[in-house]
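Working notes for the structure below.
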Amino acid sequence: MKTPVVLKFGGSTFRTPGGYEDLARGLDERIRREPGPMAVVVSAMQGETEGLRGRLHEVNRQPGAATAAGLLTTADLVSAHLLATALHRRGRTATVLAGHQLGLTTNASFLWARVVDTDPAPLRRALARYEVVVVPGGQAVDGEGRPTWLGKNSSDLSALAVARAVGSRVCEIHSDVDGIYTSDPHLVSGTRMLPEVSYNMAALMSLYGAKVLHRRAVQLALRHRIEIVLRHNRAPYKTGTTISGTGTQMAAVVFNQRSLVLDYRDDAHADSAHHAFHLEGLDTVRLNRRPSVAVVGGYVDTEAVQRKHGVKAGSPAGVPVAEVRGSKVTTHVAQGSEDALRLAQRLHDGLDFPVPGRTGVRVGV
């Protein structure tokens, strides 16, 4: 069997139900150009996961993690079946492999699970039979077969796990931006796209809140030397950034308005909190100039995590904004989301960028 093509499409691809037909058309055209098996990982339609989360909290303000994982992952499953039926309408053979069928086994951290074992056989069997295998992002099961979730925005991680399982050396990630920029191009003016980024730099930016790629997906790609190609999610599916073992030093400003800095009484309490979040599989940054922890990306019940591990809850202190210059990161703390946006713009305006075609010459934005 020819090595499968592995593609991922984020939730912004499906702003309306017509997005599934648009993508099916694009996949159909690609199969005509490049015959061969294709694995497509999809996220939920925009707003669906959070809609389910809201309904869950209406019934129980503190739902169990296993129940939340079982419910929230269904949003991505719906998306997978909608794409599959759009492909059927175009005459393509397609099937869906849900988390319990996929061959990915995780630990029992239901909402931020980590993959501990991969069985490639289910994927390979399906790819030998169908032109397209559609995989709902973020889904897996634990050792007892219970549904687990790889975390918010974890479809990237699913795509890299699929690429590893089927032996693909390249994984394409399609989203509403065509690559990694010097800051969020939707929020900050004057940003520049970075055509080549190293695994380490991509993982660093993700750790501090960049929304383009899931950090553990980059780490998985690094371990197995899978090249990540970032592309736009609409025709003509323009290629932007390639993430690989090569890449130059760069400057960027990274922030996520849902991230939160928690202040603690002293370094010992901050260290304990950082360890507790780490045990739950959550991305946090221990700030080194104050007894604080930055919880990255939002959608985390910080009080519940700290209570579970017997840690005195930290006090919300603001939103982290990271200034990245090569491997050096300086984290600033803004009072709120709007302050974070203004600070990010000001920091980005102060970055220096190389002049194209002129080695060693740098100018301000």
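The values are calculated or read from the model by the stated rules, or taken from the named source; none is laboratory data. Predicted model, so just to flag it, every value in this text is computed and none were measured. Here the Cβ is made from the backbone with ideal geometry for all residues, glycine too, and neighbour counts use every protein chain on show.
Consider residue 39 carefully, then state whether it is within 25 Å of residue 305 (Cβ to Cβ), small (Gly, Ala, Ser) and either modelled with pLDDT of 95 or more or buried (at least 23 other Cβ atoms within 10 Å of the Cβ) (or both).
Details: within 25 Å of residue 305 (Cβ to Cβ): no; small (Gly, Ala, Ser): yes; either modelled with pLDDT of 95 or more or buried (at least 23 other Cβ atoms within 10 Å of the Cβ) (or both): yes.
No.
Quick one: in the range 123-142, which of the residues that are in contact with a strand residue (DSSP E or B) (Cβ under 6 Å, 6 or more places away or on another chain) and small (Gly, Ala, Ser) is nearest to residue 102 (Cα to Cα)?
So, considering only residues that are in contact with a strand residue (DSSP E or B) (Cβ under 6 Å, 6 or more places away or on another chain) and small (Gly, Ala, Ser), the one nearest to residue 102 (Cα to Cα) is 140.
Going through the range 230-239 one residue at a time, which ones are surrounded by fewer than 21 Cβ atoms within 10 Å (Cβ to Cβ) and within 17 Å of the chain's Cα centre (by Cα)?
In the first step, residues of the range 230-239 are kept if they are surrounded by fewer than 21 Cβ atoms within 10 Å (Cβ to Cβ); the result is 232, 234-239.
Answer for the range 230-239, where residues must be surrounded by fewer than 21 Cβ atoms within 10 Å (Cβ to Cβ) and within 17 Å of the chain's Cα centre (by Cα): just 232.
Only residues in the range 47-62 that are assigned to a loop (DSSP other than H, G, I, E, B) count as the first member; pair them with residues that are at pLDDT below 90 and among the charged types (D, E, K, R), Cβ under 7 angstrom, at least 6 apart or cross-chain, and list the lot.
Listed pairs, sorted by first residue: none to list.
Of all residues in the range 128-146, which are farther than 15 Å from residue 11 by Cβ and crowded, with 23+ Cβ neighbours inside 10 Å? Spell out how you get there, then give the answer.
Going residue by residue through the range 128-146, those that are farther than 15 Å from residue 11 by Cβ are 128-133, 140-146.
Matches in the range 128-146: 132, 133, 140.
Please go through (1) part of a loop (DSSP other than H, G, I, E, B); (2) small (Gly, Ala, Ser); (3) modelled with pLDDT of 95 or more; (4) crowded, with 18+ Cβ neighbours inside 10 Å for residue 80 and return the number of the only condition it doesn't satisfy.
(1)
Being buried (at least 19 other Cβ atoms within 10 Å of the Cβ), out of contact with any strand residue (DSSP E or B) (no Cβ under 9 Å at 6 or more places or on another chain) and in the same structural domain as residue 120 (by TED's automatic domain parsing) is the requirement here; does residue 49 meet it?
Details: buried (at least 19 other Cβ atoms within 10 Å of the Cβ): yes; out of contact with any strand residue (DSSP E or B) (no Cβ under 9 Å at 6 or more places or on another chain): yes; in the same structural domain as residue 120 (by TED's automatic domain parsing): yes.
Yes: the conditions hold for residue 49.
Counting only residues that are crowded, with 20+ Cβ neighbours inside 10 Å and in a loop (DSSP other than H, G, I, E, B), which one in the range 245-264 is nearest to the chain's Cα centre (by Cα)?
Residue satisfying both the conditions and the ranking: 256.
Going through 267, 301 one at a time, which residue ends up being surrounded by fewer than 21 Cβ atoms within 10 Å (Cβ to Cβ) and touching a Pro at 6+ places or on another chain (Cβ under 9 Å)? Working first, answer last.
On the way: 301 fails: touching a Pro at 6+ places or on another chain (Cβ under 9 Å).
Residue meeting the stated conditions: 267.
Filter the range 270-298 for residues that are among the hydrophobic types (A, V, I, L, M, F, W, C) and either in a loop (DSSP other than H, G, I, E, B) or not assigned by TED's automatic domain parsing to the domain that holds residue 320 (or both); which is surrounded by the fewest Cβ atoms within 10 Å (Cβ to Cβ)?
Here is the first cut: in the range 270-298, the ones among the hydrophobic types (A, V, I, L, M, F, W, C) are 270, 273, 276-277, 279, 282, 285, 287, 293-296.
Keeping just the survivors that are either in a loop (DSSP other than H, G, I, E, B) or not assigned by TED's automatic domain parsing to the domain that holds residue 320 (or both) gives 282, 296.
Values: 282: 20, 296: 25.
Once the filter is applied, the top-ranked residue is 282.
Go through 109, 206, 189 for me and flag whichever is under 13 Å from the mean Cα position of the chain (by Cα) and among the hydroxyl-bearing types (Ser, Thr, Tyr).
Only one candidate passes the filter, namely 206.
Residue by residue through the range 153-197, note down the ones that are under 23 Å from residue 284 (Cβ atoms) and surrounded by fewer than 20 Cβ atoms within 10 Å (Cβ to Cβ).
187
Taking residue 109 and the conditions (1) over 18 Å from residue 171 (Cα atoms); (2) surrounded by fewer than 19 Cβ atoms within 10 Å (Cβ to Cβ); (3) not aliphatic (A, V, I, L, M), which numbered condition does it fall short on, given that it satisfies the others?
Status for residue 109: all satisfied but (2).
What tally of residues in the range 297-336 results from selecting those that are under 21 Å from residue 348 (Cβ atoms), among the hydrophobic types (A, V, I, L, M, F, W, C) and modelled with pLDDT under 90? I'd like the intermediate steps shown before the answer.
Within the range 297-336, the subset under 21 Å from residue 348 (Cβ atoms) is 297, 318-336.
Then drop every residue that is not among the hydrophobic types (A, V, I, L, M, F, W, C), which leaves 319, 321-322, 324, 329, 333-334.
This time we only want the ones that are modelled with pLDDT under 90, so: none.
Number satisfying all stated conditions: 0.
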